[in-house]
1. Can you list the trypsin sites (Lys or Arg not before Pro) in region 117-190 that are in a DSSP coil and have 14 or fewer other beta carbons within 10 angstrom?
2. Return the FRET efficiency for the residue pair residue 296, residue 230: r is the Cβ-Cβ distance, R0 is 30 Å, and the value is rounded to the nearest 0.05.
3. Please build a GNM for the chain, connecting alpha carbons under 10 Å apart, and tell me which residue among 109, 185, 196 fluctuates the most.
4. Could you tell me how many cubic angstrom of Cα convex hull volume region 197-310 has per residue?
5. Once all Cα-Cα distances of the chain are split into 10 Å bins that start at 0, what whole-number percent is in each one?
6. Per Stokes-Einstein, at 25 °C and 0.890 mPa s, what whole-number D in µm² s⁻¹ belongs to region 53-207, with the Kirkwood radius over Cα pairs as the hydrodynamic radius?
7. Evaluate the distance, in nm, between pseudo-label points positioned 7 Å from the Cα of residue 258 and of residue 192 along their respective Cα→Cβ axes.
8. I need the P(r) histogram for region 1-129: all alpha carbon pairs, bin width 10 Å from 0 out to the longest distance, whole percents.
Amino acid sequence: MRIFSGIQPTGSLHIGNYFGAIKQWLDLQDENDCVFCIVDLHAITVPYDPEKLQKLILEKAIVYLAAGLDPEKVIIFAQSKVKEHSELCWLLNTVTPLGELYRMTQFKDKAKKNEKAGLLNYPVLMAADILLYDTETVPVGEDQKQHVEIARDIARKFNRSFGETFVLPKVKLPKYGARVMSIADPKKKMSKSDPDEKSRISLFDSPEEIRKKLKSAITDTGKTIKYDELKKPGISNLLTIYSLLAEKEIKDVEKEMKGKSYKAFKEEVAELTVLKLEPFRKKRDELSGREVYVREILRRGEEKARVLAESKMDDVRKKMGLR
Ligand code: AQP
């Protein structure tokens with residue numbers, strides 16, 4: 001199966017990105033043809049610092065490798081290096097109804113602060129990323145489900161107008177962890193752009209930072225450690241995080257934590273998080289000193305991706321009467 005997914009080189013990756021996206025990628029990399037992109041063209045749809053962009057791209061490549069993606073098995077590259085993404089985005093714009101773009105939840109949220117055409121177009125570029133590689137499956141977190149669905153609609157519309165060209169992609173969400181919530185406000189999803197640093201656990205937070213953030217995690221006025229998203233969103237989120245890290249069912253974690261105070265439970269979550277994130281930190285430190293090697297992986301990935309993208313675009317241009 002062809003798999004495609006990506007992460008924006010914005011901010012530092014958190015455990016939500018890991019459980020929503022990267023963990024699924026690790027499970028898929030052995031048996032499938034995987035293309036994992038660092039979507040820098042998406043990252044520039046919100047205000048950003050051009051001076052820092054290349055550094056952030058390299059950092060994300062390091063995260064992919066530190067998490068365990070094997071560059072011998074998967075293609076890793078930066079989106080802007082393969083020009084076909086932008087070209088296909090433009091062509092897909094010609095079949096995409098504007099009304100559907102205005103309905104996208106992420107656009108509505110982000111446009112409050114920054115209403116730009118690039119932000120409205122974000123899902124069309126994402127459709128181009130996915131359709132360019134004949135992708136069958138897109139493993140992402142829940143917030144991206146709507147964007148994969150619109151990519152499928154765009155593919156259908158294009159095929160209807162110009163003849164069978166694109167595979168219709170399907171979204172793949174993890175069974176648990178598709179929407180890890182903020183630990184400072186468990187009604188919002190954990191996000192790298194949240195200005196409150198205490199809202200997320202980043203993959204490379206130090207043990208002290210992890211302990212401090214979890215100590216101040218929002219719970220409720222009750223006493224029982226029980227999963228109930230509506231009445232106990234904070235505790236439910238912490239139970240989810242613990243169960244994902246421990247690879248245990250939530251009901252088993254509830255039993256294990258029965259009778260403990262919220263304070264003691266938060267300490268347990270913190271210690272397990274420190275333990276489980278330690279290998280990431282070690283691998284990242286090791287890879288940070290091997291910049292040339294990481295750049296070479298991106299370069300090789302880019303070459304492989306370009307071969308696939310060029311061949312697809314030949315077909316698309318022909319179908320559209322552009323050659
Ligand atoms: N809280 C989350 N729980 C589960 N999955 C999540 N993802 C993001 N947040 C959570 C998934 O991570 C992948 C990469 O996300 P992205 O870089 O495209 O940006 P995003 O979805 O917008 O993630 P952030 O962290 O909220 O970044 P900002 O703040 O920059 O917008 C996607 O598969 C996403 O579903």
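1. 175, 187, 188
2. E between residue 296 and residue 230, to the nearest 0.05, is 0.05.
3. 109
4. Measuring per residue, one finds 152 Å³ for the Cα hull of region 197-310.
5. Calculated over all Cα pairs of the chain, the distribution is 6, 25, 32, 23, 10, 3, 0, 0 percent.
6. 140
7. 4.1
8. Whole-percent P(r) values from 0 Å outward: 12, 39, 37, 12, 0.
Since every read-out is calculated from the coordinates, none of them should be taken as a lab result. Quick caveat, the model's predicted, so the values are computed rather than measured. Cβ: placed from backbone, ideal geometry, glycine included. Neighbour counts: every protein chain shown.
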